[in-house]
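The values are calculated or read from the model by the stated rules, or taken from the named source; none is laboratory data. Only a predicted model underlies this, so the values are computations on that prediction, with no experimental measurement involved. Cβ: placed from backbone, ideal geometry, glycine included. Neighbour counts: every protein chain shown.
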Amino acid sequence: MGLSLVLFCGAIAGISGFLFGYDSGVMTTTIAQEQFLQQFNPTSSMMGTIIAIMQAGGFFGCLTAGKLSDLWGRKKAIMFGCVFVVVGGALQAAAYHTAMLITGRFITGFGVGSLTMTVPVYQAEISPPKWRGTIVGCQQLMLAMGSATANWTGYGFSFVNSSFQWRVPLALQVVPGIVLFVGSWFLPESPRWLVERDALDAALHVVQRLNPDKQNPNSAYTEFREIVEQIKQEKAHASERSYLQIFRRKAWRNRLLLGAGIWLMLNLTGINVINYYLTQFFTSLGYGGRRAIFLTGVYGSVGAATTFIVLFFVHRLSRRTPLMIANISQTATLIVMAGLTEASELGVSGQIGGVAMIFLFFIIYCTTWGPLSWVYASEIFPTQIRSKGYSMASAVNWSVTLLFNQTGPIALDHSGWKFYFLFVATNFVSALILLFLYPETSGKSLEAIDSLFDEHNAMHRSTSEANEVRRTSIELDVKG
């Protein structure tokens, strides 16, 4: 099966990205619906809570999934997250008071947080190096498609003059959750997790099924031996795999800081504030009501189309350079956005220019930070701590998003266009951090990436040399 099976697994698991995008995007239009506002009459502070409570659930969900993914395996952890998404979506759709809505949002966030931790790890562990960027980057494509679907669903139901105007879009969250739950039954387990559990025969079988190089039968066995040897070395250097152990070992601690830093810098681009409060941004530019919801639908569609195109090239791109270019470009875009938003009262040209800058900002994000952040954060941890390390890094993403989404509407009310300049500064600083602190990981196997951080390797040893030493030293007999 080879590459076709890898793509199938990546696509099924990628439904979690659609879930994430839909769950995030559906509230962008819901909070602008007249029937929703009449039902709940939220203040700016309550609006922030309704939006941000999902991030609180996501924070706890990704930390919980880090442990469960190691205990149960990647497949069962994915199914675990789906259950919470379905229950939470049903509660939101049936809500008649704010407490019920917030509870549903939290439960949904818990499930989505669990999935955003487990799925990228699974995708990274089943993908060959050449295609890992595309497979894991599909998370962003599916996220963009989910967001666009939510936006257009919200626009379509804005013409309904009843509570179905917002209840149906919220209820539709359960559909991809059910599809992913069922689809997960057909996924092979991660071969690296199987090796961790000493299920070597099962792991070799999965590697052979996933191996894209059918013309060289030995390549699957070579890859399998590298996985076994790498995990063997990891176990020899650290018998404990608790969250605390990650902080005790310098190489692991450094990787955690880099992984958490990627998610922190993604939030500091300003993308999540803009996405969640997009209708307010359009309203501030003079496009309120149904026009704001319509523009939100166009915005989501542009993001999905842009991400789809870039996925054909992402496996050829480096990781760091596009991110740095994006930070500088977004800095310039935000400065123009701030100026045009302030000047939008002067005429239509300022309003159109402000909207154009929002779209340009999003296009830059979708071609760089969108797909590459998922890839980088999922590939830098060794197998022994990958789920726990990624879960803690992902928890930073959820917690920072929670902070911005809770304070976003208040800051926008008080600061208006000046709020942009916070992200002008953070984008510029992020570019410098990437330049000086982040190693390049593109095109390397997960085992080769490990040598970049291995505190037991000589500093001058190249990745290729480390791989050669590893290959020539392997003496492992496995029953075929």
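Evaluate the following for Glu440: is it surrounded by fewer than 20 Cβ atoms within 10 Å (Cβ to Cβ) and at pLDDT below 75?
The answer is no for Glu440.
From the list Gln208, Gln165, exactly one residue is within 29 Å of Gln38 (Cα to Cα) and either modelled with pLDDT under 90 or buried (at least 18 other Cβ atoms within 10 Å of the Cβ) (or both). Which is it? Steps first, answer last, please.
Values: Gln208 fails: within 29 Å of Gln38 (Cα to Cα).
Residue meeting the stated conditions: Gln165.
Working carefully through the options Val175, Val179, Val160, find the one that is of a type in the set (Val, Ile, Thr), modelled with pLDDT of 90 or more, surrounded by fewer than 20 Cβ atoms within 10 Å (Cβ to Cβ) and not in a helix (DSSP H, G or I).
On the way: Val175 fails: not in a helix (DSSP H, G or I); Val179 fails: not in a helix (DSSP H, G or I).
On inspection, the qualifying residue turns out to be Val160.
Within region 263-273, restricting attention to residues that are at pLDDT 85 or above and β-branched (Val, Ile, Thr), which residue is nearest to Gln406 (Cα to Cα)?
Among them, the one singled out is Ile271.
Hey, among the residues in region 16-37 that are within 15 Å of His97 (Cα to Cα) and among the aliphatic types (A, V, I, L, M), which one's surrounded by the fewest Cβ atoms within 10 Å (Cβ to Cβ)?
Leu37
Has region 133-155 got any residue that is of a type in the set (Phe, Trp, Tyr) and under 30 Å from Tyr96 (Cβ atoms)? Step through it out loud before you land on a result.
Keep residues of region 133-155 that are of a type in the set (Phe, Trp, Tyr), which gives 152, 155.
Still in the list and also under 30 Å from Tyr96 (Cβ atoms): 152, 155.
For region 133-155, residues of a type in the set (Phe, Trp, Tyr) and under 30 Å from Tyr96 (Cβ atoms): present.
Quick one: what pairs do we get from region 406-418, first residue part of a helix (DSSP H, G or I), second modelled with pLDDT under 75 and surrounded by 13 or more Cβ atoms within 10 Å (Cβ to Cβ), C-beta under 7 Å, 6+ apart or different chains?
Correct list of pairs: Trp417/Thr341; Trp417/Glu342.
Restricting to region 315-338, what's the tally of residues that are surrounded by 14 or more Cβ atoms within 10 Å (Cβ to Cβ) and either basic (Lys, Arg) or at pLDDT below 80 (or both)?
4
Which one of these is without any contact (Cβ under 8 Å) to a residue 40 or more places away in the chain and either outside any helix (DSSP H, G or I) or crowded, with 20+ Cβ neighbours inside 10 Å (or both): Phe110, Phe80?
On the way: Phe110 fails: without any contact (Cβ under 8 Å) to a residue 40 or more places away in the chain.
Sole residue among the options that is without any contact (Cβ under 8 Å) to a residue 40 or more places away in the chain and either outside any helix (DSSP H, G or I) or crowded, with 20+ Cβ neighbours inside 10 Å (or both): Phe80.
Go through the residues of region 399-416 one by one and say whether even a single one is within 25 Å of the chain's Cα centre (by Cα), under 23 Å from Val195 (Cα atoms) and modelled with pLDDT under 90.
Checking region 399-416: not a single residue is within 25 Å of the chain's Cα centre (by Cα), under 23 Å from Val195 (Cα atoms) and modelled with pLDDT under 90.
Tell me whether region 38-57 contains one or more residues that are among the small types (Gly, Ala, Ser) and surrounded by fewer than 18 Cβ atoms within 10 Å (Cβ to Cβ). It would help to see each step written out before you state the result.
Restricting attention to region 38-57, the residues satisfying the condition of being among the small types (Gly, Ala, Ser) are 44-45, 48, 52, 56-57.
Among the residues that remain, those that are also surrounded by fewer than 18 Cβ atoms within 10 Å (Cβ to Cβ) are: 44-45.
Yes, the conditions are met somewhere in region 38-57.
Take residues that are more than 15 Å from the chain's Cα centre (by Cα) and of a type in the set (D, E, K, R) and tell me which of the helices (runs of 4 or more DSSP H) falling wholly in region 1-63 contain 1 or more. Spell out how you get there, then give the answer.
Numbers: elements: 3-13, 15-30, 34-40.
Counting at least 1 such residues, we get 34-40.
From (1) surrounded by 22 or more Cβ atoms within 10 Å (Cβ to Cβ); (2) at pLDDT 90 or above; (3) out of contact with any Pro (no Cβ under 9 Å at 6 or more places or on another chain), pick out the condition that doesn't hold for Thr279.
The failed condition is (2).
What about Phe224, is it surrounded by fewer than 24 Cβ atoms within 10 Å (Cβ to Cβ), within 30 Å of Gln92 (Cβ to Cβ) and not β-branched (Val, Ile, Thr)? First the steps, then the outcome.
Details: surrounded by fewer than 24 Cβ atoms within 10 Å (Cβ to Cβ): yes; within 30 Å of Gln92 (Cβ to Cβ): no; not β-branched (Val, Ile, Thr): yes.
No, not satisfied.
Select from region 92-107 the residues that are of a type in the set (Gly, Ala, Ser) and surrounded by 15 or more Cβ atoms within 10 Å (Cβ to Cβ) and list them in ascending order. Outline the logic, then answer.
Start the filter on region 92-107 by keeping residues that are of a type in the set (Gly, Ala, Ser), which leaves 93-95, 99, 104.
Residues satisfying the conditions are Ala93, Ala95, Gly104.
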